[in-house]
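Below: one structure, written as structure tokens.
The values are calculated or read from the model by the stated rules, or taken from the named source; none is laboratory data. Everything numeric here is computed off the predicted structure, so don't read it as measured data. With ideal geometry, Cβ positions are generated from the backbone for all residues, glycine too; neighbour counts draw on all protein chains shown. Ligands, DNA and RNA are stripped out before the accessible areas are found, and what is left, the full protein with its side chains, is counted by its heavy atoms. Shrake-Rupley method; radii C 1.70, N 1.55, O 1.52, S 1.80 Å.
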Amino acid sequence: MCAKMGIGLGTPHPYIPLTIQLNGDRVEMPGPLTVSELLARLAIDARRVAVEHNLVVLKRATLDEIIVHEGDQIEIVNFVGGG
Amino acid sequence: MNSDTLIIADKSFSSRLIVGTGKYASPAVMVRAHEASGAEMITVAVRRVNITPPGAPGAPRAPKEASLLDYIDTSKYFLLPNTAGCDTADEAIRTARLGREAGLSHWVKLEVIGDERTLFPDTEQLLEATRVLVREGFVVLPYTNDDPIVCRKLEDAGAAAIMPLGAPIGSGLGIQNVNNLRIIREFARVPLIVDAGVGTASDAALAMELGADGVLMNTAIAGAQDPVAMAESMKLAVRAGRLAYLAGRIPRKLYANASSPIEGLVGR
């Protein structure tokens with residue numbers, strides 16, 4: 001539904017709606033977008049998280065380059081309290 | 001005692017107490033407890049970022065919540081990510097890799113849990129995950145059973161320390177198998193850290209008196225009525241136990257042995 005709302009905002013670029021698995025949930029996103037752009041869209045500070053893209057942990061320096069594709073499985077994690 | 005440092009892999013620590021970040025009533029209490037504990041190494045867990053479920057207004061979006069790292073001065077404390085809750089080697093390996101990227105250090109407290117109720121480790125999966133992560137260049141600190149054979153296998157697999165439990169995680173039962181820990185102490189060539197089961201200061205002191213190189217705890221401090229006071233008591237207990245171990249205790253004897261001279265008693 002978010003993807004549809006994206007049209008209403010009159011984005012100048014053509015886009016492809018993407019459906020991805022994000023932290024175990026099926027989520028729709030306007031694409032194409034990089035992992036960095038995905039984090040920005042979710043208001044996540046990239047310096048505080050780690051991202052796994054189709055079972056591969058991404059180096060922080062590559063987040064700008066990796067493109068999210070239809071059906072991709074993405075895990076975004078951070079540190080929480082633990083023993 | 002300043003030279004009595006704990007050395008694991010290529011790092012040295014002047015504190016032999018390692019503390020967790022879980023179960024605190026508030027971040028402020030945690031910060032003060034960490035301070036009081038004198039610990040330099042702090043464990044953290046790796047979990048999915050909370051993302052508003054699809055369908056909710058504005059979703060998907062991560063909520064603007066304070067991060068744990070807002071409360072930990074990483075210039076002062078060394079972070080040790082754990083793989084708590086993982087129940088297969090694969091899950092633990094994935095979590096360790098994510099923890100490395102999130103924390104930018106290649107150290108991991110490796111946990112592979114075999115059973116929900118006891119949280120006892122699955123040592124077969126633990127060994128497998130240790131081998132893989134050591135090959136990938138991780139400094140692996142595995143949480144394991146108080147089983148000397150498993151500890152030796154972990155050491156052979158390249159673990160940087162071995163971390164047998166004193167009792168089940170969060171149980172507060174204290175050291176359950178003193179003799180196994182003594183045997184592990186005799187065999188171990190890497191640092192021996194007693195991880196889990198401590199309930200109060202005397203448990204930590206006992207672990208150190210048995211020759212442990214350090215103690216790792218979370219619930220004993222976070223769950224105490226006054227976590228800050230308990231953190232300080234643990235700092236003192238670990239130091240006291242360490243000193244007693246280095247000092248060398250007297251042998252246990254069945255009968256008395258007078259401290260005062262027998263000669264020169266009045267009236268004899």
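Structural remarks
- Reported count of residues in the stretch B:141-188, each being among the polar types (S, T, N, Q) and either part of a strand (DSSP E or B) or surrounded by fewer than 16 Cβ atoms within 10 Å (Cβ to Cβ) (or both), is 3.
- Scanning the stretch B:24-55 for residues that are in a strand (DSSP E or B) and among the basic types (Lys, Arg) yields B:Arg47, B:Arg48.
Residue by residue, here is whether (1) modelled with pLDDT under 95; (2) more than 9 Å from every other protein chain (Cβ to nearest Cβ); (3) touching a Ser or Thr at 6+ places or on another chain (Cβ under 6 Å) holds:
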| position | (1), (2), (3) |
| --- | --- |
| B:Asn2 | yes, yes, no |
| B:Ala36 | no, yes, no |
| B:Met41 | no, yes, no |
| B:Asn50 | yes, no, no |
| B:Ala84 | no, no, no |
| B:Asp87 | no, yes, no |
| B:Gly99 | no, no, no |
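The rows are residues; the columns are (1) out of contact with any Ser or Thr (no Cβ under 7 Å at 6 or more places or on another chain); (2) modelled with pLDDT of 90 or more.
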position	(1), (2)
A:Pro14	yes, no
A:Leu18	yes, yes
A:Arg26	no, yes
A:Ser36	yes, yes
A:Val49	yes, yes
A:Val56	yes, yes
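- When residues of the stretch A:67-83 are limited to those that are open to solvent by less than 30 Å² (accessible area, probe 1.4 Å) and among the β-branched types (Val, Ile, Thr), the one farthest from A:Tyr15 (Cα to Cα): A:Val77
- Looking at B:Lys253, B:Lys235, just one residue is more than 23 Å from B:Leu165 (Cα to Cα) and either open to solvent by 90 Å² or more (accessible area, probe 1.4 Å) or touching a residue at least 60 places away in the same chain (Cβ under 8 Å) (or both), and that residue is B:Lys253.
- Residue in the stretch B:102-117 that is surrounded by 15 or more Cβ atoms within 10 Å (Cβ to Cβ), modelled with pLDDT of 95 or more, out of contact with any helix residue (DSSP H, G or I) (no Cβ under 6 Å at 6 or more places or on another chain) and within 12 Å of chain A (Cβ to nearest Cβ) present: yes
- B:Ile7 being in a strand (DSSP E or B) and either within 13 Å of chain A (Cβ to nearest Cβ) or hydroxyl-bearing (Ser, Thr, Tyr) (or both): no
- Of the residues making up the stretch A:14-66, those that are assigned to a helix (DSSP H, G or I), open to solvent by 70 Å² or more (accessible area, probe 1.4 Å), within 11 Å of chain B (Cβ to nearest Cβ) and not small (Gly, Ala, Ser) number 3.
- Residues located in the stretch B:222-253, provided they are closer than 13 Å to B:Tyr24 by Cβ, part of a helix (DSSP H, G or I) and of a type outside the set (Gly, Ala, Ser): B:Pro227, B:Val228, B:Met230
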